[in-house]
Amino acid sequence: MRKSAFRLCGMVVLPISAILFSSCISIKNGGTADITFVGFQPDTITVVAPHRTYEHQPLPATIQMKRKDLNKPVSFQSESHRYGDIIPGKKADGTAWLQALVPIAGEAGLIIDAINGNLDRPRQSVYHLQSANMDDTTTELPVQDYSRPSLFQRHPKHLFRHEIGMQVCGDPDAGMHRYNKTTDYLSDKYKMSSVEVCGKVFNSLGIGAHYFYHFNHRIAVGALFGWVYQNDDLSADEYAGPSEQKEPLSSANISNRAFYVMPAMKYTWGYTPHINFYSKAGLGIYRQHLTLEGDGFPANEQKNEIRWRMAGQVSPFGVEFGRGMFRMFTEVGYGAEGNIKMGFSLRLGKVK
């Protein structure tokens, strides 16, 4: 029961922490960006931005644009000159990506910033106006377009067909249901509890590997492999078992070792020059080996079980750093591989 309470607490505290952390990043970057327009004309102009109109602005004129509107045109009006429209364009804000280094909270912040449009900044801070006299109808003023495809439309220059990687997994779930059920039983019947280990962050740990074949820049299929290990020493201050048991059950050891194999699919839904975003899901089986032994333990309570069960993993958000053969990545999800993963991968088989 206590482990379930801790898990429930984590499910509540982590999202709240993520929202608070991501809010700090959004406040720091802001939802708008300052842009300055310069020209050689002495008259004042009216700047018509997507969300606001600035009237009677002397040149140079500085306005604020929403970051999500940077790929929309800005027009200009004057009594003495005609001006061509300008599309400021956007590029990735490097400071916003630093939050991706913070697992869970930082990645949630990236999602919120992406929804709010705060991941980009103007391609330039200063733009020069092209102008012509109002009575000069022979001069064509083209739109100055500095825009580029949005985050979800960019593709890297090269495609790597094969992806091989390894990772460390926190709180993998393979075999943990049976493990937790056993420890709860010992707590209820024999008043035994885990011996707390200083610095322990995850209830279980695992190491894994994966292979994916990339059909294109977005869709890949492959398999996930991994090994999960959990071990706890249990102790009881007083014995609460059957009355015929003369000696108290002073200590016990329980361990879980599981190996899983899951066919999987990976979908990459966002690109930048050095960072990719993806989601992943897999479904397969795992083999669990559960052991329980202790001093003075009744023979019928000791365990040495091997079970086969279905394994699954859903990772709705993953971020990958790098653009060449070597990549680093971190994921947030739930299932046999765990709640959070960090690792590296190699890309092979480059094609244009």
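Residue by residue, here is whether (1) of a type outside the set (Asp, Glu); (2) closer than 18 Å to residue 163 by Cα; (3) surrounded by fewer than 18 Cβ atoms within 10 Å (Cβ to Cβ) holds:
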{"position": "263", "(1), (2), (3)": "yes, yes, yes"}
{"position": "269", "(1), (2), (3)": "yes, yes, yes"}
{"position": "276", "(1), (2), (3)": "yes, yes, no"}
{"position": "282", "(1), (2), (3)": "yes, yes, no"}
{"position": "287", "(1), (2), (3)": "yes, no, yes"}
{"position": "294", "(1), (2), (3)": "yes, no, no"}
{"position": "303", "(1), (2), (3)": "yes, no, yes"}
{"position": "308", "(1), (2), (3)": "yes, no, yes"}
By residue number, the members of the range 132-180 that are modelled with pLDDT of 85 or more and either in a loop (DSSP other than H, G, I, E, B) or closer than 16 Å to residue 85 by Cα (or both) are 141, 142, 143, 144, 145, 146
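The values are calculated or read from the model by the stated rules, or taken from the named source; none is laboratory data. As the structure is a computational prediction, the values presented were derived from the model and not from experiment. Glycine gets a Cβ as well: all are built from the backbone with ideal geometry, and neighbour counts include every protein chain shown.
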